[in-house]
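Working notes for the structure below.
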C-alpha cells in the first residue's frame, strides 16, 4: 500500500517547522524573543502587506517555539516546564543608576587613615560550649556576661551592685550610641548645615501646631512650650527726612523700566520705543513721502549740490529711526 | 497711614505706567512740592508731604482720607485704580481716546466704548493699552483699556468694543460711599 500520497497531502496542510532564511533568525530564548534581520522584500510587501507581515511573524514564532522545545524540561503538576537560560539581549535600565550613598563619618575617617574594612563572621566559636554561636542576637556572645550563672564582683563593690544589670545597661548604651550616630549620618547625608535643619524643624513644628481643627487653640500644652509668634511686619517710617523717599521711588521706577514691560505690552511694543511719537511716520508726512534726507536738504536751503548716485539709498535709511 | 512697601509700590507704579508711561517720574519728581504715596486702610493716597505731615497727628481710626485717593489694594494684593486718580492720569496720559457726544452718556453709565462712539484715537495705540477717555471738547471722562490696536479698529463693525471700561466720572455718584 502506498501512503506517500496521503503523507504528502497531510504535510502540505501544515507548513514546515524548519525556518529557512538567508540570514538565520536570532533567537534569544531567555527573553522569549526572535529577531529577523533579513531585509524586507519590497514587492511582496507592496502586493499584500498583511500577508507578508503574518508570514514574517509566523517564521519568528516558529523559530522561537522550536528553540523552546530543545530546552531541558522539568516535569511539574501543570505539565513539563522548559528551563529558560538567562537572556542574551542586553536591555537598557528603566531607571537611572542609584546614586552612591554619601560616606558615613566612620567611612570618611577610615578612608583618611587607610583602614581596610574587615568583614566579621556572624558566628563565633564558643570554647566553653564547643560550638558556633551568634556574635549577637539570640543567645549571642555579647550577652555572655548577662547570662552566666556566676559573676565576679569587686570586693569594694556597692551592696546593691547588680553585675547582670550593669552589663546589660552597658550593652544597651552601646546600641543607643550607634543609633544616635546612624541618625547623625542620615542628617549629614541629607545635606544642609545643622542650623538650616533646625530652622526647618522649627518651621514644621510651628505649622503643625496650627494644623488642628481648632488651629491649635484647644491642644494640650506641653511643658516649656512657647507661645507661637507670627512674623512681625516692618514698614518704613511714615515720615522720612529729606529726599530719601523720592530717591527710593525713582530707583524703583528705573528698576521696573530695566526689567522691561510686562509680557503683554512687550508683545505690543515689539521693536518700538516707549515714545508715543512714531518718528518714521512723522518724517514721512513732513517730507511728503520723500524721506528724511530730502527733508533735511529742503530745510537746509536747497543751495547744496544735488548729490547723485551712491547716496540714493540714504533717503530710505534716513526715514527709519 | 504708612508708606508703601517695595512690592506695593511696584504694583502701583506698573499700573500707573500702563496709562502714563515714563511720565510717572513727573508724579514723584515734582518741581512745586514733594509728593508721596501713602497707604491707609488698603487705599493708596497721593499726597503732598506737607499735608502728609499734618495727617500724621490724626489717629488711624479717625483719619478718613487725605490727599488724592489713587486706588485701592484688593485683599489678594492687586492694585485697582480709582476714578479719583483721573486728574493726574489725564494730565500725563500717553494714549488718548475721544468719544463723540452721543457716546458720552453710555460711557458714563459704565459701558464699554463702542466703535460707533469713537471720535478720535491716538495713532498707533497698541492692543490692551491703558488709555484715558475724553469727550470731544477735551474733558476727561474716565479711563479704560483698548480692546484692539488702532489699525485693527478700522476693520471692525460699529458695534464692536474698542475700549474696555475701567472707571468713569459717573462713579463719583454711583460709588460715592466706597470711592475715597
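The values are calculated or read from the model by the stated rules, or taken from the named source; none is laboratory data. Predicted model only: the values in this text are computed from it and were never measured. Cβ coordinates were reconstructed from backbone atoms using ideal geometry, including for glycine residues, and neighbour counts include every protein chain displayed.
Looking at (1) surrounded by 21 or more Cβ atoms within 10 Å (Cβ to Cβ); (2) more than 9 Å from chain A (Cβ to nearest Cβ), which is the only condition residue B:42 fails?
Looking at each condition in turn, residue B:42 falls short on (1).
Give B:85, B:74 a once-over and let me know the one that is in contact with a strand residue (DSSP E or B) (Cβ under 7 Å, 6 or more places away or on another chain), more than 14 Å from every other protein chain (Cβ to nearest Cβ) and within 30 Å of residue A:277 (Cα to Cα). Please lay out each step first, then the result.
On the way: B:74 fails: within 30 Å of residue A:277 (Cα to Cα).
It is B:85.
Within the bounds of the range B:52-68, is there any residue that is more than 17 Å from residue A:245 (Cβ to Cβ), within 11 Å of chain A (Cβ to nearest Cβ), free of Cβ contacts under 8 Å to residues at least 60 places away in the same chain and touching a helix residue (DSSP H, G or I) at 6+ places or on another chain (Cβ under 6 Å)?
No, the range B:52-68 contains no residue that is more than 17 Å from residue A:245 (Cβ to Cβ), within 11 Å of chain A (Cβ to nearest Cβ), free of Cβ contacts under 8 Å to residues at least 60 places away in the same chain and touching a helix residue (DSSP H, G or I) at 6+ places or on another chain (Cβ under 6 Å).
Would you check if there is a residue in the range A:137-146 being under 39 Å from the mean Cα position of the chain (by Cα), loosely packed, with under 10 Cβ neighbours inside 10 Å and on the phi < 0 side of the Ramachandran plot? Can you show your working first?
If we filter the range A:137-146 for residues that are under 39 Å from the mean Cα position of the chain (by Cα), which is where we start, we get A:137.
The next check asks that each one be loosely packed, with under 10 Cβ neighbours inside 10 Å; those that pass are none.
Scanning the range A:137-146, I find no residue that is under 39 Å from the mean Cα position of the chain (by Cα), loosely packed, with under 10 Cβ neighbours inside 10 Å and on the phi < 0 side of the Ramachandran plot, so the answer is no.
So, residue B:133, is that one more than 14 Å from chain A (Cβ to nearest Cβ), in contact with a helix residue (DSSP H, G or I) (Cβ under 6 Å, 6 or more places away or on another chain), in a strand (DSSP E or B) and surrounded by 16 or more Cβ atoms within 10 Å (Cβ to Cβ) or not?
Details: more than 14 Å from chain A (Cβ to nearest Cβ): yes; in contact with a helix residue (DSSP H, G or I) (Cβ under 6 Å, 6 or more places away or on another chain): no; in a strand (DSSP E or B): yes; surrounded by 16 or more Cβ atoms within 10 Å (Cβ to Cβ): yes.
No: the conditions fail for residue B:133.
Pick from A:87, A:102: which is in contact with a helix residue (DSSP H, G or I) (Cβ under 8 Å, 6 or more places away or on another chain), surrounded by 10 or more Cβ atoms within 10 Å (Cβ to Cβ) and assigned to a loop (DSSP other than H, G, I, E, B)? I'd like the intermediate steps shown before the answer.
Details: A:87 fails: in contact with a helix residue (DSSP H, G or I) (Cβ under 8 Å, 6 or more places away or on another chain).
When all the criteria are applied, what remains is A:102.
Checking the structure you have, find out if any residue of the range A:225-233 is in a loop (DSSP other than H, G, I, E, B), more than 14 Å from chain B (Cβ to nearest Cβ) and either modelled with pLDDT of 90 or more or in contact with a helix residue (DSSP H, G or I) (Cβ under 8 Å, 6 or more places away or on another chain) (or both).
yes
Only one residue in B:37, B:13 is closer than 18 Å to residue B:84 by Cβ, free of Cβ contacts under 8 Å to residues at least 12 places away in the same chain, surrounded by 14 or more Cβ atoms within 10 Å (Cβ to Cβ) and at the interface with chain A (Cβ under 10 Å from one of its Cβ atoms), so which one is that? Steps first, answer last, please.
Numbers: B:37 fails: free of Cβ contacts under 8 Å to residues at least 12 places away in the same chain.
Going through B:37, B:13 in turn, the sole match is B:13.
Of (1) within 30 Å of residue B:4 (Cβ to Cβ); (2) away from every other protein chain (no Cβ under 14 Å); (3) not in a helix (DSSP H, G or I), residue A:221 satisfies all except one. Which?
Status for residue A:221: all satisfied but (1).
I'm trying to understand the selection: among the residues of the range B:95-105, which are crowded, with 17+ Cβ neighbours inside 10 Å and either free of Cβ contacts under 8 Å to residues at least 24 places away in the same chain or within 14 Å of another protein chain (Cβ to nearest Cβ) (or both)? Working first, answer last.
Pass one, the range B:95-105, residues crowded, with 17+ Cβ neighbours inside 10 Å: B:95-99, B:103-104.
Listed by number, the residues that qualify are B:95, B:96, B:97, B:103.
Does the range A:58-79 hold any residues that are in contact with a strand residue (DSSP E or B) (Cβ under 6 Å, 6 or more places away or on another chain) and either in a helix (DSSP H, G or I) or surrounded by 10 or more Cβ atoms within 10 Å (Cβ to Cβ) (or both), and which are they?
So in the range A:58-79, the residues in contact with a strand residue (DSSP E or B) (Cβ under 6 Å, 6 or more places away or on another chain) come out as A:60, A:63-64, A:67-68, A:71, A:73-74.
Those that are in contact with a strand residue (DSSP E or B) (Cβ under 6 Å, 6 or more places away or on another chain) and either in a helix (DSSP H, G or I) or surrounded by 10 or more Cβ atoms within 10 Å (Cβ to Cβ) (or both): A:60, A:63, A:64, A:67, A:68, A:71, A:73.
Could you tell me whether the range A:259-282 includes any residue that is under 26 Å from residue B:29 (Cβ atoms), at pLDDT 75 or above, within 14 Å of another protein chain (Cβ to nearest Cβ) and within 38 Å of the chain's Cα centre (by Cα)?
Yes, there is a match, as at least one residue in the range A:259-282 is under 26 Å from residue B:29 (Cβ atoms), at pLDDT 75 or above, within 14 Å of another protein chain (Cβ to nearest Cβ) and within 38 Å of the chain's Cα centre (by Cα).
Does residue A:199 satisfy the condition of being touching a residue at least 60 places away in the same chain (Cβ under 8 Å), under 30 Å from residue A:104 (Cα atoms) and out of contact with any strand residue (DSSP E or B) (no Cβ under 9 Å at 6 or more places or on another chain)? Break it down into steps so the answer makes sense when it comes.
Values: touching a residue at least 60 places away in the same chain (Cβ under 8 Å): no; under 30 Å from residue A:104 (Cα atoms): yes; out of contact with any strand residue (DSSP E or B) (no Cβ under 9 Å at 6 or more places or on another chain): yes.
When the stated conditions are applied, residue A:199 does not pass them.
Of the residues in the range B:119-130, how many are more than 14 Å from chain A (Cβ to nearest Cβ) and modelled with pLDDT of 90 or more?
So the answer is 0.
Please tell me if residue B:39 is closer than 18 Å to residue A:245 by Cα, outside any loop (DSSP other than H, G, I, E, B), modelled with pLDDT of 90 or more and not assigned by TED's automatic domain parsing to the domain that holds residue B:166.
Numbers: closer than 18 Å to residue A:245 by Cα: yes; outside any loop (DSSP other than H, G, I, E, B): yes; modelled with pLDDT of 90 or more: yes; not assigned by TED's automatic domain parsing to the domain that holds residue B:166: yes.
Criteria met by residue B:39.
Can you tell me which residue in the range B:18-34 is modelled with the highest pLDDT, limited to those that are at the interface with chain A (Cβ under 7 Å from one of its Cβ atoms) and under 14 Å from the mean Cα position of the chain (by Cα)? Even if it seems obvious, please write down each step before you answer.
First, pick out the residues of the range B:18-34 that are at the interface with chain A (Cβ under 7 Å from one of its Cβ atoms): B:21-22, B:24-25, B:28-29, B:34.
With under 14 Å from the mean Cα position of the chain (by Cα) added as a condition, the list becomes B:21, B:24.
Values: B:21: 85, B:24: 88.
Per the stated criteria, the residue is B:24.
Select, from B:3, B:61, the only residue that is over 28 Å from residue B:163 (Cα atoms) and buried (at least 19 other Cβ atoms within 10 Å of the Cβ). First the steps, then the outcome.
Details: B:61 fails: buried (at least 19 other Cβ atoms within 10 Å of the Cβ).
Exactly one residue qualifies, and that residue is B:3.
Test residue B:49 against the stated conditions and say whether it is under 22 Å from residue B:148 (Cβ atoms), within 11 Å of another protein chain (Cβ to nearest Cβ) and either surrounded by 13 or more Cβ atoms within 10 Å (Cβ to Cβ) or out of contact with any strand residue (DSSP E or B) (no Cβ under 6 Å at 6 or more places or on another chain) (or both). Reasoning before the result, please.
Values: under 22 Å from residue B:148 (Cβ atoms): no; within 11 Å of another protein chain (Cβ to nearest Cβ): yes; either surrounded by 13 or more Cβ atoms within 10 Å (Cβ to Cβ) or out of contact with any strand residue (DSSP E or B) (no Cβ under 6 Å at 6 or more places or on another chain) (or both): yes.
Against the criterion (under 22 Å from residue B:148 (Cβ atoms), within 11 Å of another protein chain (Cβ to nearest Cβ) and either surrounded by 13 or more Cβ atoms within 10 Å (Cβ to Cβ) or out of contact with any strand residue (DSSP E or B) (no Cβ under 6 Å at 6 or more places or on another chain) (or both)), residue B:49 does not qualify.
Is it true that residue A:240 is surrounded by 10 or more Cβ atoms within 10 Å (Cβ to Cβ) and closer than 23 Å to residue B:40 by Cα? Walk me through how you get there before you give the answer.
Working: surrounded by 10 or more Cβ atoms within 10 Å (Cβ to Cβ): yes; closer than 23 Å to residue B:40 by Cα: yes.
Against the criterion (surrounded by 10 or more Cβ atoms within 10 Å (Cβ to Cβ) and closer than 23 Å to residue B:40 by Cα), residue A:240 qualifies.
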